Amino acid sequence: MLLALGSALAFSSLAVWGKLAGEVGLATYTLLPWRFGLVAAALFLVAGGRAPLGVRARMLGSGVLYSLATTCYFLALARITAGATGLLLYLSPAFVVLFAALLGRKPARAQLAGVALAVVGLAVVIGLPGAGDRDATGLAFGVLTGALYGAYLLYAERFLKDTPPLQTTAHMSLVAAVVFALLGAGTGTLDVPRGLDAWGVVLATAIFPTLLAVPTLYAAITRLGAARASVLATTEPLWTVLLAALVLHEPLRPAVLIGGGLILVGALVAQRAPVHPGEHV
């Protein structure tokens, strides 16, 4: 449980660092290749290890899903507030339940009720947007981030539960670094960070929401399953909203607080159904 909560706390700073990156002149596709490249280099040095080809392929596959989710996250962050972006990400527990149902796991009533609450919360956030959240494309990218992150959690539970968290994070980060470097080169925005402020944001983004957050999340999924880990991680948007208010001076709008509260309650309710021995939902 502490692993999942610690991961949530570390992850919660990502939206704030993402906004601060723009303030110090860091383009998204400059920040992200350096963020993941530094993490990959550090972890391959200490935990690269040997692994069968099939295991390496599965670990690299996690990087594809994580890169897609991260891309949508930063596209949302560029258009709407950090607080709303963090809240929409945490539709992921509802998507975990929905995707599990598509895989043949019949959802319990509590899970369906939780999904309904999350959808109502989403409607409040989207239907009553503040001045900084009146962008349909940004809101759509936020929802898509939640869906992709839910798929990523299920993938990690199914294919990576027996792999060392640090080794998995190293492979995921390698793929993400390559993907974002290619995107940066293609868009002409790949560059070397300039100045102490820029490097400070890069290092902070590599350390807190990546090097600390991702391995602890993998460890939590291994012990708790995707659904249990995701529900504990729903504390993250609360920290994100508070950090955004304190650091970025984003207003604590009623719609975000009410809608976000419904999303979090929905996530909690969705996971109250009992899990049979040997089955992670």
Please verify whether region 181-192 includes one or more residues that are buried (at least 19 other Cβ atoms within 10 Å of the Cβ), β-branched (V, I, T) and in contact with a Leu (Cβ under 9 Å, 6 or more places away or on another chain). no
Determine whether region 29-39 contains at least one residue that is within 16 Å of the chain's Cα centre (by Cα) and farther than 20 Å from A181 by Cβ. no
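Residue-by-condition table, conditions (1) in contact with a His (Cβ under 6 Å, 6 or more places away or on another chain); (2) more than 24 Å from G188 (Cα to Cα):
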position	(1), (2)
L26	no, no
L60	yes, yes
L65	no, no
L88	no, yes
Taking the stated definitions as given, is A226 surrounded by 24 or more Cβ atoms within 10 Å (Cβ to Cβ) and among the aliphatic types (A, V, I, L, M)? yes
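Look through T70, T85 and report the one residue that is surrounded by 21 or more Cβ atoms within 10 Å (Cβ to Cβ), touching a Gly at 6+ places or on another chain (Cβ under 6 Å), part of a helix (DSSP H, G or I) and polar (S, T, N, Q).
T85
Results for (1) assigned to a helix (DSSP H, G or I); (2) of a type in the set (K, R); (3) at pLDDT 95 or above; (4) more than 21 Å from E23 (Cα to Cα), shown as yes or no for each residue.
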position	(1), (2), (3), (4)
T169	yes, no, no, yes
V175	yes, no, yes, yes
F180	yes, no, yes, no
R223	yes, yes, no, yes
L264	yes, no, no, yes
H280	no, no, no, yes
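For every residue, the table says whether it meets (1) of a type in the set (D, E, K, R); (2) free of Cβ contacts under 8 Å to residues at least 40 places away in the same chain; (3) over 21 Å from L264 (Cα atoms).
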residue	(1), (2), (3)
L148	no, no, no
A151	no, no, no
F159	no, no, yes
A177	no, no, yes
G188	no, yes, yes
A204	no, no, yes
I207	no, yes, yes
T210	no, no, yes
Kindly indicate whether any position in region 158-170 is surrounded by fewer than 17 Cβ atoms within 10 Å (Cβ to Cβ), of a type outside the set (A, V, I, L, M), under 30 Å from A4 (Cβ atoms) and out of contact with any helix residue (DSSP H, G or I) (no Cβ under 7 Å at 6 or more places or on another chain). yes
Log entry, pairs with first residue in region 25-43 being touching a residue at least 24 places away in the same chain (Cβ under 8 Å), second being charged (D, E, K, R), beta carbons closer than 7 Å, six or more apart or on different chains, reads A27/D191; T30/D191
Which of (1) over 19 Å from the mean Cα position of the chain (by Cα); (2) closer than 19 Å to L238 by Cα; (3) not in a helix (DSSP H, G or I) is the odd one out, the single condition A123 does not satisfy? (3)
Could you say whether any residue in region 80-101 is more than 16 Å from the chain's Cα centre (by Cα) and within 21 Å of G63 (Cα to Cα)? yes
From the list L32, L26, which residue is outside any loop (DSSP other than H, G, I, E, B) and modelled with pLDDT of 95 or more? L32
Scan region 237-255 for residues that are surrounded by 20 or more Cβ atoms within 10 Å (Cβ to Cβ) and modelled with pLDDT of 75 or more and jot them down. T240, V241, L243, A244, E250, R253
Verdict on R58 being under 21 Å from T240 (Cα atoms) and among the charged types (D, E, K, R): no
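The values are calculated or read from the model by the stated rules, or taken from the named source; none is laboratory data. No experiment lies behind these values; they were computed from the predicted model shown. Cβ coordinates were reconstructed from backbone atoms using ideal geometry, including for glycine residues, and neighbour counts include every protein chain displayed.
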